[in-house]
Every structure is written in structure tokens, then in C-alpha cells.
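Asker: Structure in C-alpha cells, see below.
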Amino acid sequence: MAQTLEALTLQQLKAQLAGLDGWHVNEAGHLVRVISNPNYKQGLAWVQAIGDWAEAHDHHPDVLLTWPTLTITFYTHTANGVTEKDVEAAQAVNSLIPVEN
């Protein structure tokens, strides 16, 4: 049976963001991280790493690769909002692509 996911409340989402470096919620209510690419080839490698993780966990972000940025967006359509699964996915992306200090 598929797991039922509920959208986080605004208060829950703010609490999650406090520990989620590099991420913000955009005006549409989606969880977003924008990363500067050192070069296009590195951006492609990051997209592949995110894609491999997404396939393994059956949770797929929107990914936009442009020069010089990579934009990753998580949002659970069936919940009509950001869920705990999106937050976990964002944490996984941060482990694949550390946030620059």
C-alpha cells in the first residue's frame, strides 16, 4: 500500500528549514535550492547524482540546469505541498552536494 503523505504546516516547514542549509520555500510553496556550478560538466554530474538518488527512493525533484546554476525543487503533488519526504530528499541532496560556507 502506498504511503499517505500530508503537507507540512507553515510552522512545521519553518522548523524544518532551520536545519536545512541552502533551501528556501518559493512563492509557490515549493522547497528550492539554487546551486552555483563551477562549470557545466560539474552541473551535469550533480544532476546525475540527484537522479540516481531520486530513482532509488522513488521521489523525483524538478531539476533545472542552466549556466551557471542548478535549481532543485521538491513538492509532493498528491499532498499539494511540501512533505516530510521532500525534506528528507533535500537533506539527501545536501549530502550529495554540500552547501558552500
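The values are calculated or read from the model by the stated rules, or taken from the named source; none is laboratory data. For clarity, every value in this text was computed on a predicted model and none was experimentally measured. Glycine also receives a Cβ, built like all others from the backbone with ideal geometry; neighbour counts cover every protein chain displayed.
Asker: Check whether at least one residue in segment 45-52 is modelled with pLDDT under 95 and out of contact with any helix residue (DSSP H, G or I) (no Cβ under 6 Å at 6 or more places or on another chain), and report yes or no.
Answerer: no
Asker: Just to verify a result, which residue in segment 89-101, among those that are in contact (Cβ under 8 Å) with a residue 12 or more places away in the chain and not β-branched (Val, Ile, Thr), is farthest from Leu8 (Cα to Cα)?
Answerer: So the residue we want is Glu100.
Asker: Which of the residues spanning segment 1-48 are in a helix (DSSP H, G or I), over 22 Å from Glu84 (Cβ atoms) and touching a residue at least 40 places away in the same chain (Cβ under 8 Å)?
Answerer: Listed by number, the list holds a single entry, Trp46.
Asker: Ok, one more. Out of segment 84-95, which residues are more than 11 Å from the chain's Cα centre (by Cα) and either part of a loop (DSSP other than H, G, I, E, B) or surrounded by 13 or more Cβ atoms within 10 Å (Cβ to Cβ) (or both)?
Answerer: Selection gives Glu84 alone.
Asker: Here is a list: Ala79, Ala56. Which entry is among the aliphatic types (A, V, I, L, M), loosely packed, with under 15 Cβ neighbours inside 10 Å and modelled with pLDDT of 95 or more?
Answerer: Of the residues listed, the single one that is among the aliphatic types (A, V, I, L, M), loosely packed, with under 15 Cβ neighbours inside 10 Å and modelled with pLDDT of 95 or more is Ala56.
Asker: While we're on this one: Restricting segment 49-82 to residues that are in contact (Cβ under 8 Å) with a residue 40 or more places away in the chain and not in a strand (DSSP E or B), which is farthest from Gln12 (Cα to Cα)?
Answerer: The extreme case among them is Ala49.
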